[in-house]
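Have a look at the structure below before the remarks.
Laboratory data are not the source of any read-out in this text; all were calculated from the coordinates shown. All values reported here derive from a predicted model rather than from experimental measurement. Glycine also receives a Cβ, built like all others from the backbone with ideal geometry; neighbour counts cover every protein chain displayed.
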Number of protein chains: 2
Amino acid sequence: MPEHNVTVENTLQTLLAEKKYTTIRDVLVTMNPADVAAVFSNVDKEKLPLLFRLLPKEQAAQSFVEMESEEQEALIRGISDSELRQVMDELYVDDAVDIVEEMPANVVQRILAQSDPEMRKEINEILQYPENSAGSVMTTEYVKLSPGMTVGDAILRIRRTGVDKETIYTCYVLDNRLLVGTVSVKSLLLAPNDLMTVDSIMEANPITVTTHTDQEEVARMMSKYNLLAIPVVDGDNRMVGIVTFDDAMDVMEDEATEDIEIMAGMTPSDKTYLKSSPFDLFKHRIPWLALLMVSATFTGLIISNFEHKLEALVALTAFIPMLMDTGGNSGSQSSVTVIRALSLNELEFRDLPKVIWKEIRAAVLCGVVLSVLCFAKIILVDKMILHTEGVDVMVALVVCLTMAVTVLCAKVVGCTLPMLAKKMGFDPAVMASPFITTIVDALSLLVYFGFATALLHL
Amino acid sequence: MPEHNVTVENTLQTLLAEKKYTTIRDVLVTMNPADVAAVFSNVDKEKLPLLFRLLPKEQAAQSFVEMESEEQEALIRGISDSELRQVMDELYVDDAVDIVEEMPANVVQRILAQSDPEMRKEINEILQYPENSAGSVMTTEYVKLSPGMTVGDAILRIRRTGVDKETIYTCYVLDNRLLVGTVSVKSLLLAPNDLMTVDSIMEANPITVTTHTDQEEVARMMSKYNLLAIPVVDGDNRMVGIVTFDDAMDVMEDEATEDIEIMAGMTPSDKTYLKSSPFDLFKHRIPWLALLMVSATFTGLIISNFEHKLEALVALTAFIPMLMDTGGNSGSQSSVTVIRALSLNELEFRDLPKVIWKEIRAAVLCGVVLSVLCFAKIILVDKMILHTEGVDVMVALVVCLTMAVTVLCAKVVGCTLPMLAKKMGFDPAVMASPFITTIVDALSLLVYFGFATALLHL
């Protein structure tokens, strides 16, 4: 779809230059909020309020929600109090909270001043919950029913109160604020007769999360149980809000991005790539680069220690990069597979022996194939074709034995560290390629010089 | 939740050994389909039909959908034709297709024989679409309305036909099989009066995908536009099915896993970690390991070529791992960031110059900090504390200059290759750590020996 936006965008830029506001309005009203937001992100900040005023009230608010925080801030600063109040009236509480979280204090004050008292209270409540908890992503607007209501009354209640609710499709049956069941609009509409009571058709024992459940776990449960919305309860099983599927989808996307960033040795960032400045990139990348560089000191020390052996047979040096890379790649394969399985809840710590045993067998298979291939390559290419000085069958043997042992160590280290990290309460994603590579580098050199000493009598 | 299942599971195992089937039944009926499936995956395959028969018809079918294909196959082989027919009657078409796709031919024949003719026809139609296309994940069961219907009639139609539909919450307004709009149950229920026509409250110009749209793009659009379901149309805008949010969530999870696997140098796998045999792991890992090992020949060649220089100053060897690792890490950071941005549609090929310029500036920042740090480390640790032979200020300078230049090259290569790969129609995820590392290794060695030759007069 980006290509599609581009064209509309260029058209709008031209229309804007020509001040054809009626035409612009006619174009904008045909567009989806997410697309309006995309167009607005490429417009001069001063022109935003002008364009924004062209939109009908509801579309304006919906598009506002979809914008990046930079444009939101520019807009809030550019519109009047009464315009801001209109936007706030249309917003769902969870969206309002998302916006408030990104704004500087003076803008937040203006937003709260223009929200109605109930909204203000709810925004403040949600802001109390820890970041990334179910409480912080939930909305407090949902349909409440009582167990004794008839189906007909329930439908009437939905029709009367539904307009402000983020979803009406799952309704929550409360008894004294305690959640006793959920009922879908589908089962209400398809109920055999309107005089049945809600508790006779509701799902008792609904799946819930608490306000402190991690948002990643919330999204995973919604995906596992195919839920449109999941109820959030407090410590006493009193219902406080719901998380809807659209927020769960965003969470899944964000969490996958975060895992991928951590696995590549970066601290996770909230900004999209194009919105990140070079300094942002630098800030998120330098800590791991520096740490890993310094820890490569050990690899250097190992080589320094065996320097006299390398002097005796410089040909050995040429195989160091291949051994280190293959070890690093083998280790990252295992660690990344295990990290992903952990993050999808497919593995638990008690599976560790099973995982290690599986990796050992896979490593033996990989190690044998790679060693044979490597032996053939050294004899054919290095010895027979290139006649590299000092390369003979014994050197090939040392390299291949190192290869096999390194692959084995790498795979065991690679699968074990993420599981240990999770057990100790760290993010297992930290134990991915860069970290594993540094450890495996040192291991492979030790093994290499060990075999070289023993077999080549250096 | 896994801990929770474990307990129930152990209890059920005990009950099963004691043949307390009534109790087992009472426990199972309180459980959610996904949890029943989890329990079943840990039960002896021969006992599956027995347990399955304890479940009420609807729960049985819903649990069946959630099972892994191994258990599904064992079950189908263990139950009678009439039991299989009952399950098929309860399934949605898209779930039936998912099951059929995983089964061997003789099981597929039995499934099709026990499906009603309409279901059979729809299964066969969906099976025609390419793997991972919208057509292959859609369901053909949705609510159809006509533009001229009144709101009251529309609600009646939903109540009459809704029971077999996967979602009733978004209804599709068709005019001669052409999709002219969508209308939500929310807007039907909240419509000011029941005599309004559907076309007066529907959303015209709905967002659609075609049968051949990639499933990843489908999921991304649903997430972007917050859609519960997205209509799938054929080349002539005739409506053929819908994709629902629960399938989109599964697709998002699977696609993230696939990207992560490819980025770690593995061919993607459909099986969960614990279900994969060591040979499965081997099969998915060996191609890249072997390819990357062989391509490390070039790094070896570079070292061999400069062997006489290394002989003259063996101290240089000790810095090779650090330079290669830092280069590799820098390159993977950029490549992984760009790959993720590409896969979230945040970047396009025309952004390449912008991306390169941003990476160059980030690389200069990283390069300067790392070089200074590295210089300090070499002088303090290697020279002043360890008195490593041959390490002096000039050597430190060569290492640091190499570091800065390598980081720069690595970041430019790292951001460029994924974008080029995508432009040429390859999966950009291939251009992640392992591949980038191999290229950057060679680059860093060339730079290193270049500086060494020039500055140390070797």
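At 0.36 nm per residue, minus the direct Cα-Cα distance, what do A:Val29 and A:Ala290 gain on full extension? Give it in nm, one decimal, please.
Numbers: separation 261, 0.36 × 261 = 93.96 nm, distance 5.07 nm.
Between A:Val29 and A:Ala290, full extension yields 88.9 nm more.
Semi-axes of the equivalent ellipsoid for the stretch A:296-456, please: Cα gyration tensor eigenvalues, times 5, square-rooted, ordered largest first, whole Å.
Largest first, the stretch A:296-456 gives 32, 17, 11 Å.
Please work out the C-alpha center-to-center distance from the stretch A:401-424 to the stretch B:175-192 and express it in whole Å.
Each part's Cα centre sits 56 Å from the other's.
Give me the three principal axis extents of the stretch A:110-228 from the C-alpha atoms, as integers in angstrom, largest value leading.
48, 35, 23
Projecting each Cα onto the charge dipole of the stretch A:144-243 (Lys/Arg +1, Asp/Glu -1 at the beta carbon, about the Cα centre), which of A:Val183, A:Ile201, A:Val163 comes out farthest on the positive side?
Comparing the listed Cα positions along the dipole, A:Val163 ranks first.
Where the only charges are on Cβ atoms (+1 Lys, Arg; -1 Asp, Glu), what is the dipole of the stretch A:1-139 about its Cα centre, to the nearest 20 debye?
Dipole about the Cα centre, nearest 20: 620 debye.
Mean separation of Cα pairs under 8 Å and 6+ residues apart, divided by the residue count of the stretch A:1-82: what relative contact order is that in percent?
Details: 59 pairs, mean separation 25.6, N = 82.
Reported as a whole number, the value is 31 percent.
Would you mind computing Rg(Cα) / (2.2 N^0.38 Å) for the stretch B:179-253, counting N as its residues?
1.21
Put a label point 7 Å from Cα along the Cβ direction on B:Asp392, then list its distances to the equivalent points in the other copies in nm, shortest first.
3.7
With the contact rule set at Cα under 8 Å and sequence spacing of 6 or more, what percent relative contact order holds for the stretch A:238-343? Please list the in-between numbers first.
Numbers: 21 pairs, mean separation 17.5, N = 106.
The value is 17 percent.
Give the value in nm², to one decimal: projected area of the alpha carbon convex hull of the protein assembly as shown, averaged over all directions. Write down the numbers at each step before the final one.
Numbers: hull surface 167.9 nm².
Averaged projected hull area, Cα only: 42.0 nm².
Once you've got the Cα coordinates, tell me which of A:Lys121/A:Lys186; A:Lys144/B:Lys144; A:Lys309/A:Lys411; A:Lys224/B:Lys271; A:Lys354/A:Lys411 are over 24 Å apart. Could the numbers behind the result be given before it?
Values: A:Lys121/A:Lys186 32 Å; A:Lys144/B:Lys144 29 Å; A:Lys309/A:Lys411 28 Å; A:Lys224/B:Lys271 17 Å; A:Lys354/A:Lys411 14 Å.
Among A:Lys121/A:Lys186; A:Lys144/B:Lys144; A:Lys309/A:Lys411; A:Lys224/B:Lys271; A:Lys354/A:Lys411, the Cα-Cα distance tops 24 Å for A:Lys121/A:Lys186; A:Lys144/B:Lys144; A:Lys309/A:Lys411.
By DSSP, what percent of the beta bridges with both residues in the stretch A:144-243 are antiparallel, rounded to the nearest 5?
Values: 14 of 18 bridges.
Approximately 80 percent, going by the DSSP bridge assignments.
To one decimal in nm, how far is A:Asn305 from the same spot in the other copies, if labels go 7 Å from Cα toward Cβ? Please give the shortest first.
Copy-to-copy label distances for A:Asn305: 3.3 nm.
Please arrange B:Arg340, A:Arg160 by how many other C-beta atoms lie within 10 Å of their C-beta, fewest to most. Before the final figure, lay out each step's value.
Values: B:Arg340 26, A:Arg160 9.
In increasing order of surrounding Cβ atoms, one gets A:Arg160, B:Arg340.
Suppose the Debye formula is applied to equal point scatterers at every Cα of the stretch B:1-73; what is log10 I(q)/I(0) at q = 0.18, 0.23, 0.28 Å⁻¹?
Those come out to -0.62, -1.07, -1.64, one per q.
Inside 10 Å of the C-beta atoms of B:157-169, what's the mean count of C-beta atoms belonging to other chains?
Numbers: counts 0, 4, 5, 1, 1, 5, 4, 0, 1, 0, 3, 6, 7.
Mean shielding count: 3.
Based on the Kirkwood radius over alpha-carbon pairs, what is the Stokes-Einstein translational diffusion coefficient of chain B at 10 °C with 1.306 mPa s viscosity, in µm²/s? Before the final figure, lay out each step's value.
Details: Rh = 26.9 Å.
In µm²/s, the coefficient rounds to 59.
Tell me the mean residue ellipticity at 222 nm calculated for the protein assembly as shown from its helices only (DSSP H runs of n ≥ 4, each -39500 (n - 2.57), averaged over every residue, nearest 500).
So the calculated ellipticity at 222 nm is -20000 deg cm²/dmol.
Please identify every one of the GluC sites (Glu not before Pro) in the stretch A:87-196 that sits in a loop by DSSP and has no more than 10 other beta carbons within 10 Å of its own beta carbon. Don't jump to the answer; show the numbers that get you there.
Numbers: sites: A:Glu90, A:Glu101, A:Glu102, A:Glu118, A:Glu122, A:Glu125, A:Glu131, A:Glu141, A:Glu166; in loops: A:Glu131, A:Glu141, A:Glu166.
Those that pass, being in a loop and sparsely packed, are A:Glu131.
Please list, or write none, the lysines whose alpha carbon is within less than 18 Å of the alpha carbon of B:Lys19, excluding same-chain residues fewer than 8 places away.
Result set, ordered by chain and number: B:Lys45, B:Lys47.
Under the rule of at least 5 residues apart or a separate chain, name every residue whose amide H is placed under 5 Å from the amide H of A:Gly241.
Excluding prolines and chain starts, which carry no amide H, the hits are A:Val232.
Among A:Leu443, A:His212, B:Ser223, whose Cα sits farthest toward the positive end of the charge dipole of the protein assembly as shown (+1 at Cβ of Lys/Arg, -1 at Cβ of Asp/Glu, about the Cα centre)?
A:Leu443
Whole Å is fine, so just give me how far the alpha carbon centre of the stretch B:339-371 lies from that of the stretch A:86-114.
About 33 Å separates the Cα centre of the stretch B:339-371 from the one of the stretch A:86-114.
Return the sequence-ordered ³J(HN,Hα) values of the stretch B:87-96 in whole Hz as given by the Karplus equation 6.51 cos²θ - 1.76 cosθ + 1.60 applied to θ = phi - 60°, using x for Gly and Pro.
4, 4, 4, 8, 7, 7, 4, 5, 5, 4
What is the extension gain from B:Lys144 to B:Glu18, computed as 0.36 nm multiplied by their sequence separation minus the C-alpha to C-alpha distance, in nm to one decimal? Display every interim value, and only then the final one.
Working: separation 126, 0.36 × 126 = 45.36 nm, distance 5.09 nm.
That pair, B:Lys144 and B:Glu18, stretches by 40.3 nm at full extension.
Roughly how many debye, to the nearest 20, is the charge dipole of the protein assembly as shown about its Cα centre, given +1 on each Lys and Arg Cβ, -1 on each Asp and Glu Cβ, and no other charges? Display every interim value, and only then the final one.
On the way: 74 positive and 126 negative charges, 292 e Å.
With only Lys, Arg, Asp and Glu charged at Cβ, the dipole is about 1400 debye.
Karplus couplings for the stretch A:155-166 from phi (6.51 cos²θ - 1.76 cosθ + 1.60, θ = phi - 60°), rounded to Hz, Gly and Pro as x?
Here the 3J(HN,Hα) series is 5, 4, 4, 4, 5, 7, 10, x, 4, 8, 8, 5 Hz.
Between chains B and A there is a rotation axis; tell me the chain B residue with the nearest beta carbon and how many whole Å away it sits.
Residue nearest the B-to-A axis, with distance in whole Å: B:Ala256, 2.
B:Thr210's amide H: which non-local residues (gap 5+, or another chain) put their own amide H closer than 5 Å, with H modeled 1.01 Å from N in plane and none for Pro or chain starts?
Here the answer is B:Val233, since their amide H atoms fall under 5 Å of that of B:Thr210.
Compute log10 of I(q)/I(0) for the stretch A:2-128 with the Debye formula, placing one identical point scatterer on every Cα and leaving out solvent, at q = 0.17 Å⁻¹, to two decimals.
Here the Debye-derived log intensity ratios amount to -0.84.
Using θ = phi - 60° and the Karplus form 6.51 cos²θ - 1.76 cosθ + 1.60, what ³J(HN,Hα) does each residue of the stretch A:351-362 get, whole Hz, x for Gly and Pro?
7, 3, x, 4, 5, 4, 5, 5, 5, 4, 5, 4
Taking a point 7 angstrom from the Cα of A:Asp392 along the C-beta vector, which residues in the stretch A:443-458 have backbone N less than 17 Å away?
A:452-458
Counting Lys +1, Arg +1, Asp -1, Glu -1, what net charge surrounds A:Asp81 among other residues with beta carbon under 15 Å of its beta carbon? Walk me through the intermediate numbers first.
Working: positive: A:Arg53, A:Arg77, A:Arg85, A:Arg110, A:Arg120; negative: A:Glu83, A:Asp89, A:Asp116.
It works out to a net charge of +2.
Can you list residues from other chains, or at least 5 along the same chain, whose modelled amide H is less than 5 Å from the amide H of A:Leu145?
Distant-sequence amide H within range of A:Leu145: A:Tyr172, A:Val173, A:Leu174.
Using the basic label-point model (7 angstrom from Cα toward the beta carbon), what is the A:Phe426 to B:Arg85 distance in nanometres?
Each label point is offset 7 Å from its Cα along the Cβ direction, giving 6.0 nm.
How about the stretch B:6-47: which GluC sites (Glu not before Pro) there lie in a loop by DSSP and see at most 15 other Cβ atoms within 10 Å? Present the calculation step by step, with values, prior to reporting the outcome.
Values: sites: B:Glu9, B:Glu18, B:Glu46; in loops: B:Glu18.
When the GluC sites (Glu not before Pro) of the stretch B:6-47 are filtered for loop state and at most 15 Cβ neighbours within 10 Å, B:Glu18 remain.
Please report the antiparallel percentage of the DSSP beta bridges confined to chain A, to the nearest 5. Walk me through the numbers on the way to the answer.
Values: 17 of 21 bridges.
Here the antiparallel bridges make up roughly 80 percent for chain A.
Taking the radius of gyration and the Kirkwood hydrodynamic radius from Cα positions alone, what is the Rg/Rh ratio for the stretch A:280-345, to two decimal places?
Details: Rg = 16.7 Å, Rh = 14.8 Å.
Result for the stretch A:280-345 is an Rg/Rh of 1.13.
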